[in-house]
1. Checking the conditions here, which among Asn95, Asn139 is surrounded by fewer than 21 Cβ atoms within 10 Å (Cβ to Cβ) and touching a Leu at 6+ places or on another chain (Cβ under 6 Å)?
2. Which condition breaks for Ser160 when tested against (1) surrounded by fewer than 20 Cβ atoms within 10 Å (Cβ to Cβ); (2) away from ligand 2 (no atom under 16 Å from the Cβ); (3) not in a helix (DSSP H, G or I)?
3. What are the residues in region 5-28 that are in a strand (DSSP E or B) and either hydrophobic (A, V, I, L, M, F, W, C) or not assigned by TED's automatic domain parsing to the domain that holds Ser205 (or both), if any?
4. Does region 16-29 hold any residues that are out of contact with any Asp or Glu (no Cβ under 6 Å at 6 or more places or on another chain) and at pLDDT 95 or above, and which are they?
5. Every residue in region 12-30 that is open to solvent by 10 Å² or more (accessible area, probe 1.4 Å) and either without any contact (Cβ under 8 Å) to a residue 40 or more places away in the chain or near ligand 1 (Cβ under 9 Å from one of its atoms) (or both), please.
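The values are calculated or read from the model by the stated rules, or taken from the named source; none is laboratory data. Being a predicted model, the structure only gives us computed values, none of them experimental. In this analysis, Cβ positions are derived from the backbone assuming ideal geometry, glycine residues included, and neighbour counts consider all displayed protein chains. Surface areas here come from the heavy atoms of the whole protein model, side chains and all, with no ligands, DNA or RNA. Shrake-Rupley method; radii C 1.70, N 1.55, O 1.52, S 1.80 Å.
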Amino acid sequence: MIESIIFDLDGVLVFTDKFHYQAWKQMADSIGVYFDEEINNRLRGVSRMDSLEIILERYEGEPLSDERKLELAAEKNEIYRGLLSTMTPDDVSTNVRETLKALHERGYKLSLGSSSKNARYILERVDLLDAFDAISDGNNISRSKPDPEVFLKAAGFLGSDPRYCLVVEDAEAGIDAAISGGMHSAAIGDAVNCKKAEKELQKLSDLLDFCL
Ligand code: BG6
Ligand code: MG
């Protein structure tokens, strides 16, 4: 039985990967670190500071202080926010918008479950804030996926037992988080390849086939 559905944001509802890539690339170039799309793929679902650590695996300069790392992450975020500011409601597909609406009409409680501290800003830009009953994001967690904290918080906000929650994710770390949180899971996009989720979606509206 499923009563609540928790959606990841980046890669499930909107496609901000390209903006993360551009912003990290600019930051990496500024300190002379090699960065490519393959490394960018490893950042899916990972928090901002953990993402920076992954990028710095290739760093060969003088050791960076924690303060400098925070500065680099802030620089990346400023570039990223600039790119996000170009987003509009047209950046959400009709498939996504109508699926969320239909699930609500069928009586499911909906929450966001995103590692991003920019989640609310993105939802505002694309006019999806009202589609959710709760928002759990990078601002209310201390451990990022694959830790289940962000999803357990979402379940708590909705007043749902984790056993009755379904998580929709495009990152393997997110599917791992759902499983360790004792929740049902549905993979979309990249996460389909890890073969760990209970359900695999080609498109978001495939949810409507089993969330009746
Ligand atoms: C996740 C993205 O949604 O948010 C990650 O998949 C990103 O790539 C993480 O690092 C944190 O995002 P932000 O917006 O808080 O820097
Ligand atoms: Mg994602």
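1. Every option except Asn95 fails the conditions.
2. Here Ser160 meets the rest and fails (1).
3. Of everything in region 5-28, those that are in a strand (DSSP E or B) and either hydrophobic (A, V, I, L, M, F, W, C) or not assigned by TED's automatic domain parsing to the domain that holds Ser205 (or both) turn out to be Ile5, Ile6, Phe7, Val14.
4. Phe19, His20, Tyr21, Gln22, Ala23, Trp24, Lys25, Gln26, Ala28, Asp29
5. We begin by selecting, within region 12-30, every residue open to solvent by 10 Å² or more (accessible area, probe 1.4 Å); these are 15, 17-22, 25-26, 29-30.
Of everything in region 12-30, those that are open to solvent by 10 Å² or more (accessible area, probe 1.4 Å) and either without any contact (Cβ under 8 Å) to a residue 40 or more places away in the chain or near ligand 1 (Cβ under 9 Å from one of its atoms) (or both) turn out to be Asp17, Lys18, His20, Tyr21, Lys25, Asp29.
Residue by residue, here is whether (1) closer than 16 Å to Gly11 by Cα; (2) within 15 Å of ligand 1 (Cβ to nearest atom) holds:
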residue	(1), (2)
Glu37	yes, yes
Ile55	no, yes
Ser65	no, no
Lys69	no, yes
Glu78	no, yes
Val92	yes, no
Glu98	no, no
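For every residue, the table says whether it meets (1) open to solvent by 20 Å² or more (accessible area, probe 1.4 Å); (2) outside any helix (DSSP H, G or I).
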| position | (1), (2) |
| --- | --- |
| Ser111 | no, yes |
| Ser116 | no, yes |
| Ile135 | yes, yes |
| Ile175 | no, no |
| Gly182 | yes, yes |
| Asp190 | yes, no |
| Leu207 | no, no |
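Conditions (1) more than 28 Å from Asp133 (Cα to Cα); (2) part of a helix (DSSP H, G or I); (3) at pLDDT 95 or above, marked per residue:
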{"site": "Gly61", "(1), (2), (3)": "yes, no, no"}
{"site": "Leu70", "(1), (2), (3)": "yes, yes, yes"}
{"site": "Thr86", "(1), (2), (3)": "no, no, yes"}
{"site": "Asn95", "(1), (2), (3)": "no, yes, yes"}
{"site": "Glu98", "(1), (2), (3)": "no, yes, yes"}
{"site": "Leu103", "(1), (2), (3)": "no, yes, yes"}
